[in-house]
1. Looking at 83, 64, which is the one that is open to solvent by 70 Å² or more (accessible area, probe 1.4 Å) and of a type in the set (A, V, I, L, M)?
2. Considering the stretch 24-47 alone, what residues qualify as being open to solvent by 40 Å² or more (accessible area, probe 1.4 Å) and closer than 26 Å to residue 110 by Cα?
3. Within the stretch 92-129, which residues are open to solvent by 80 Å² or more (accessible area, probe 1.4 Å) and in a loop (DSSP other than H, G, I, E, B)?
Amino acid sequence: RGLTGAKPQKKLTISLKKEKPQLPQNFESDTWQRLKECVTAVHTQQPVTHSFEQLYKGVEDLCIHKKGESLYSKLASECEVHIQRNIAGLVNQTPDPVLFLELAQNTWDAHCNQISTIRSIFLYLDRTY
């Protein structure tokens, strides 16, 4: 004890690891599988089985570990397949132009809502890639 009666302070030592943390070997494929299930659920208007926070964090982790380009390609491919299906579903539905325009408008509105939901999950990718 010093003159004031206080205990001497202990020094805090912080040691940093020299190696970078490594992702688990199957992290990219497992995370993409969860994200793909989510994208499919959104496109088919089904409930998403994982939390949006967990999905967003998966996107963030992939981007931080330089997997953004691969993730973007996979997402674009999934969306392209869905869009092609929607277009094919509109072809030859009805000869009535008014009904066709109503179908097209409904399809477009649903697509915009779906893309908005997907964008909220992939927001980190949107901002960093």
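1. Answer to the check: 64.
2. Answer for the stretch 24-47, where residues must be open to solvent by 40 Å² or more (accessible area, probe 1.4 Å) and closer than 26 Å to residue 110 by Cα: 33, 34, 36, 37, 40, 44, 45, 46, 47.
3. 92, 93, 95, 129
The values are calculated or read from the model by the stated rules, or taken from the named source; none is laboratory data. Small disclaimer: the values here were computed from a predicted structure and weren't measured. Side chains included, ligands, DNA and RNA excluded: accessible areas come from the protein's heavy atoms. Shrake-Rupley method; radii C 1.70, N 1.55, O 1.52, S 1.80 Å.
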